[in-house]
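Here is the structure we will look at, set down as structure tokens.
Please treat every number below as a calculation from the coordinates, not as lab data. Note that the structure is predicted; figures quoted are calculated from it, not measured. Reconstructed Cβ throughout: ideal geometry from the backbone, glycine too, with neighbour counts over all protein chains shown.
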Amino acid sequence: MDELMHEWGLWGLFASAFISSTWLPGGSEALLLALALKQTHEGWMLWSVATVGNTVGGMTSWVIGLWLVRHFPHHRMTERQQYALVKLQRYGSPLLLLSWLPLVGDLLCMVAGWLRIAPHWSFFYIAVGKGVRYALLLWLAT
């Protein structure tokens with residue numbers, strides 16, 4: 001089992017973090033903590049893989065938002081999407097620091113693409129928010 005966790009742990013963590021950052025449940029936090037407690041990899045490596053996977057997932061939601069506005073410009077937004085739209089219009093890309101929040105974060109990333117918020121700023125704020133969350137989890141686990 002330890003060999004399997006060492007062999008596939010980082011790939012599994014990346015996949016779980018990516019999936020967790022989309023509309024699907026992924027449980028990346030539980031896997032990150034399990035790998036950290038097993039000490040199969042260095043903490044910085046676990047943090048890096050989880051942060052990159054989750055950030056790429058967030059940017060995937062950003063691209064989906066960009067695609068939606070291009071292909072369905074008159075698409076009616078749900079009430080939750082409209083709420084995210086209003087908040088992002090008001091606070092701008094720094095609000096993407098909250099992209100780690102369950103459900104709300106996915107919406108924020110998608111609406112950021114819808115609003116065509118600059119991809120480099122979106123990437124930066126998404127990465128920082130998600131990285132801080134994973135750093136706190138690892139810190140609490142040790």
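Quick notes
- Label-point gap, in nm, between residue 104 and residue 79 - each point 7 angstrom along Cα→Cβ: 1.7
- Residue 115 sits among other residues whose Cβ lies under 14 Å from its own Cβ, and their net charge, with Lys and Arg +1 and Asp and Glu -1, is +4.
- Inter-label distance, residue 72 to residue 11: 3.4 nm, where each label sits 7 Å from its Cα along the C-beta direction.
- Under the Karplus curve 6.51 cos²θ - 1.76 cosθ + 1.60, θ = phi - 60°, whole-Hz ³J(HN,Hα) for the stretch 41-50, x wherever Gly or Pro sits: 9, 5, x, 5, 5, 4, 4, 4, 5, 5
- Protection proxy ranking of 116-122, 43-49, by the mean of other Cβ atoms within 10 Å over each peptide's residues and highest first, is 43-49, 116-122.
- Spatial extent of the chain: Rg and Dmax, with the Cα atoms as the point set, Å: 15.9, 52
- Extending 7 Å from the Cα toward the beta-carbon at both residue 37 and residue 139 defines two label points whose distance is 2.1 nm.
- Likely footprinting exposure, 18, 124, fewest C-beta neighbours within 10 Å first: 124, 18
- Annotation: peptides 26-32, 56-62, ranked by per-residue average of other Cβ atoms within 10 Å with the highest first, follow the order 56-62, 26-32.
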